[in-house]
Amino acid sequence: MAGFFRYAFLIVDAEAKSILIIEDEPDMAMGLKDALQFEGYRVVTESQGEDGIIASRRHRPHCIILDLMLPDLNGYKVCEEIRAFNPTVPIIMLTARSQEADKLRGFDSGADDYVTKPFSVAELLARISAVFRRVDAAASASDAQVLTLGDVKVDLRSQTATDGGRVQQLGFYEVEILRYLAEREGSPVSRDDILDRVWGIEASPTNRTVDNFIVKLRRKLEKNPNDPRHILTVYGQGYKLVT
Ligand code: CA
């Protein structure tokens, strides 16, 4: 019964959402396209980085799945180029590599999530579904969308952090983690709770993923990221937001 509800939910959730796949391996691209279309998404595929950048301008997809190793440009470069004109579209990077350094570089180039090949299609679908659930929830949220952290004002709707005249763009997961911490302001939130809430229980990113995003958030929002005043580590428990 649970399976039925999950299936029905995905169909509703996927309605009218479009996804751009930038992937040069034909079998992988076709397999993903079939699976995503089966879930009800509209899908566009490109096999080259440059073509992917053009398609992301033309089609304005709701989510982009981006392979790291492409024939013409690498995925980091493609990600940066897309970010230059579309700071908010969720980008999930695919790669055969699993080294932590590559993941960090992916996040630095503007990727929101990272899936290491080989991965199950079910896992990728779960992550995409989680992304869209959060996007939809954020769009319909009527609560306060601005947080004040010292001199920094964070607008959760426009995904920007403003400090004096300096405006920084925040990534999708950065905003969602911050939103969750803000809901529980002053109380510690465990990494597992953050993973469940932001990524969805079906996805399987590691606790380390949460830590990476906390590092990024502190770099953007804290005066001294090594001595944070707002995004605090609570030893043995998780993280806590103090405004
Ligand atoms: Ca490839």
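The values are calculated or read from the model by the stated rules, or taken from the named source; none is laboratory data. Note that the structure is predicted; figures quoted are calculated from it, not measured. FYI the Cβ positions are ideal-geometry reconstructions off the backbone, even for glycines, and counts take in every protein chain you see. Side chains included, ligands, DNA and RNA excluded: accessible areas come from the protein's heavy atoms. Shrake-Rupley method; radii C 1.70, N 1.55, O 1.52, S 1.80 Å.
Counting only residues that are touching an Asp or Glu at 6+ places or on another chain (Cβ under 9 Å) and among the aromatic types (Phe, Trp, Tyr), give me the strands (runs of 3 or more DSSP E) lying completely in segment 148-243 with at least 2 of them. If you could, list the steps in order and put the result at the bottom.
Numbers: elements: 152-155, 160-163, 166-169, 231-234, 238-241.
Filter on segment 148-243 gives an empty set.
Restricting the search to segment 196-239, which residues are among the hydrophobic types (A, V, I, L, M, F, W, C), modelled with pLDDT of 85 or more and either in contact with a strand residue (DSSP E or B) (Cβ under 7 Å, 6 or more places away or on another chain) or open to solvent by less than 10 Å² (accessible area, probe 1.4 Å) (or both)? Give the steps one after another, and end with the answer.
First pass over segment 196-239, keeping only residues among the hydrophobic types (A, V, I, L, M, F, W, C): 198-199, 201, 203, 210, 213-215, 217, 221, 231-232, 234.
Now restrict to residues that are modelled with pLDDT of 85 or more: 210, 213-215, 217, 221, 231-232, 234.
Residues satisfying the conditions are Val210, Phe213, Ile214, Leu217, Leu221, Ile231, Leu232, Val234.
Looking at the structure I just gave you, is Tyr173 at pLDDT 90 or above, more than 22 Å from Arg42 (Cα to Cα), within 17 Å of the chain's Cα centre (by Cα) and not basic (Lys, Arg)? Give the steps one after another, and end with the answer.
Numbers: at pLDDT 90 or above: no; more than 22 Å from Arg42 (Cα to Cα): yes; within 17 Å of the chain's Cα centre (by Cα): yes; not basic (Lys, Arg): yes.
The answer is no for Tyr173.
Considering only segment 73-86, how many residues are loosely packed, with under 15 Cβ neighbours inside 10 Å and small (Gly, Ala, Ser)?
Number satisfying all stated conditions: 1.
Based on what the data block shows, is Ser18 away from the ligand (no atom under 15 Å from the Cβ) and open to solvent by less than 70 Å² (accessible area, probe 1.4 Å)? It would help to see each step written out before you state the result.
Values: away from the ligand (no atom under 15 Å from the Cβ): yes; open to solvent by less than 70 Å² (accessible area, probe 1.4 Å): yes.
For Ser18, the condition - away from the ligand (no atom under 15 Å from the Cβ) and open to solvent by less than 70 Å² (accessible area, probe 1.4 Å) - is met.
Considering each residue of segment 26-72, count those that are charged (D, E, K, R) and surrounded by 14 or more Cβ atoms within 10 Å (Cβ to Cβ), and give that number. Give the derivation first.
Start the filter on segment 26-72 by keeping residues that are charged (D, E, K, R), which leaves 27, 33-34, 39, 42, 46, 50-51, 57-58, 60, 67, 72.
Still in the running and surrounded by 14 or more Cβ atoms within 10 Å (Cβ to Cβ): 33, 39, 42, 46, 50-51, 67.
Looking only at that region, the number is 7.
In segment 31-132, which strands (runs of 3 or more DSSP E) lie fully inside it and hold 2 or more residues that are more than 16 Å from the ligand (Cβ to nearest atom)?
Numbers: elements: 42-46, 63-67, 91-95, 113-116.
Those strands (runs of 3 or more DSSP E) span 42-46.
Taking Glu80, is it among the charged types (D, E, K, R) and either modelled with pLDDT of 95 or more or not assigned by TED's automatic domain parsing to the domain that holds Asp102 (or both)? Spell out how you get there, then give the answer.
Values: among the charged types (D, E, K, R): yes; either modelled with pLDDT of 95 or more or not assigned by TED's automatic domain parsing to the domain that holds Asp102 (or both): no.
Here the answer is no, as Glu80 does not meet what is asked.
So, in segment 208-243, exactly how many residues are under 20 Å from Gly110 (Cβ atoms) and aromatic (Phe, Trp, Tyr)?
The number of residues fulfilling the criteria is 1.
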